[in-house]
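In what follows, a structure is listed as structure tokens, so that the remarks can point back to it.
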Ligand code: GDD
Ligand code: MN
């Protein structure tokens, strides 16, 4: 490839996923500000990209000639979609192409595209023609008439899905209901919160640091932006003609993760969270892992000490069960709760050190548990179960906090 061609690629923005107030180079060819920047995220869309660019350009050339740009953000597709897109620039000068090699994922691709964008209005559309380009005019019109956000929706007048199976419809609606329960203030504002086809006024999201996981970038925009009026335009989600969908079970897990993260960092909970600086998300993960440890402990205790199984003495069984549970919890906490920390310290001696610390802290936690149980039971609440609950809560917080501060922290200062 000639150097000339490489130069035509956009530089991939780095750092936090924040959109600036107005892009310093926000002038179009004739000196005006660009009105619209439309991002097309792609992954393995080689057979679609040419058509997408052609159709979008034709429509926008009619609508707002010289006043828009198309930004393809490709995640280094193995089918070299970025290369095909790049070859179109000569024919479509309003097209810009970004090839990301060090980051992946739909939502962050969209945001990286917006970071390089020069428009007042930032938009996104799938690169597989499942989003009908014809409604671009309506989306744009809605923003021009004052909306901060215009969303293409399958669930308003004129919207729908072409031939989805019952299962897919059910999953889609189930995900929406779950979101409505967890995040009513975000998902309740639009009829199709899963839409990946929308436009937003730059000023509504400028300054906010977006932090998405997975596919559903719209949640992030509504959850963290300053979005006033929202307009919706109905559309029918067409079938794919070329290429294939990248959605797997992983996207459902990421969606859940995204909901929980937004729940913890926005609204009242988010403000409390920020004030006291307590890592609630981490604590919840730690608690879940602890719960898994209870089941491990129970199961091993049964296997070792039950008269119908090995019938070993109770104390000996419990010590073994407890140790195995601690080991179980360590593995999960290391791989999940504190994954960001342990990823940076992967050597065996470092892992072993963490395991030892964790073990000692948890044993101390057990001592604390017994102590608090006795204190509360004898001096405050003479109910052994309530006292035990309090003791467990205190020990869990101890275990979490001390492990957080001592076991999973960056120790090897260079
Ligand atoms: N850059 C980049 N990186 N693009 C990606 C990635 C990625 O990791 N994964 C998917 N894409 C691109 C695809 O190439 C396509 O252009 C678009 O994102 C949507 O991906 P599909 O795999 O086709 O998803 P879908 O058809 O199930 O659509 C679902 O998600 C859309 C989000 O844009 C539905 O929920 C739609 O309603 C929704 O609009
Ligand atoms: Mn698709």
Does segment 384-396 contain at least one residue that is in contact (Cβ under 8 Å) with a residue 40 or more places away in the chain, part of a helix (DSSP H, G or I) and not assigned by TED's automatic domain parsing to the domain that holds residue 254? yes
Subset of segment 207-249 that is surrounded by fewer than 16 Cβ atoms within 10 Å (Cβ to Cβ) and either under 20 Å from residue 179 (Cβ atoms) or not assigned by TED's automatic domain parsing to the domain that holds residue 167 (or both) - its residue that is farthest from ligand 2 (Cβ to nearest atom): 249
Restricted to segment 37-60, and to residues that are within 12 Å of ligand 1 (Cβ to nearest atom), under 23 Å from the mean Cα position of the chain (by Cα) and not in a loop (DSSP other than H, G, I, E, B), which residue is farthest from residue 22 (Cα to Cα)? 42
Scan segment 231-242 and tell me whether some residue there is within 18 Å of the chain's Cα centre (by Cα) and in contact (Cβ under 8 Å) with a residue 12 or more places away in the chain. no
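I'm trying to understand the selection: among the residues of segment 113-152, which are part of a loop (DSSP other than H, G, I, E, B) and either within 16 Å of ligand 1 (Cβ to nearest atom) or outside the structural domain of residue 45 (by TED's automatic domain parsing) (or both)?
Going through segment 113-152, the residues part of a loop (DSSP other than H, G, I, E, B) turn out to be 116-118, 125-132, 145-148.
Once the filter is applied, which keeps residues that are part of a loop (DSSP other than H, G, I, E, B) and either within 16 Å of ligand 1 (Cβ to nearest atom) or outside the structural domain of residue 45 (by TED's automatic domain parsing) (or both), segment 113-152 yields 116, 117, 125, 126, 127, 128, 129, 130, 131, 132.
So, in segment 110-134, of the ones that are within 16 Å of ligand 2 (Cβ to nearest atom) and closer than 14 Å to residue 195 by Cβ, which residue ends up surrounded by the fewest Cβ atoms within 10 Å (Cβ to Cβ)?
Filtering segment 110-134 down to residues within 16 Å of ligand 2 (Cβ to nearest atom) leaves 110, 124-133.
With closer than 14 Å to residue 195 by Cβ added as a condition, the list becomes 110, 124-126, 130-132.
Details: 110: 27, 124: 30, 125: 25, 126: 19, 130: 20, 131: 23, 132: 15.
Among those residues, the one meeting the criterion is 132.
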Taking the criterion of being within 15 Å of ligand 2 (Cβ to nearest atom) and within 22 Å of residue 246 (Cα to Cα), would at least one residue in segment 53-63 satisfy it? no
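The values are calculated or read from the model by the stated rules, or taken from the named source; none is laboratory data. Here the structure is a predicted model, which is why all the values come from computation and not from measurement. All Cβ positions, glycine included, derive from the backbone under ideal geometry; neighbour counts span all protein chains shown.
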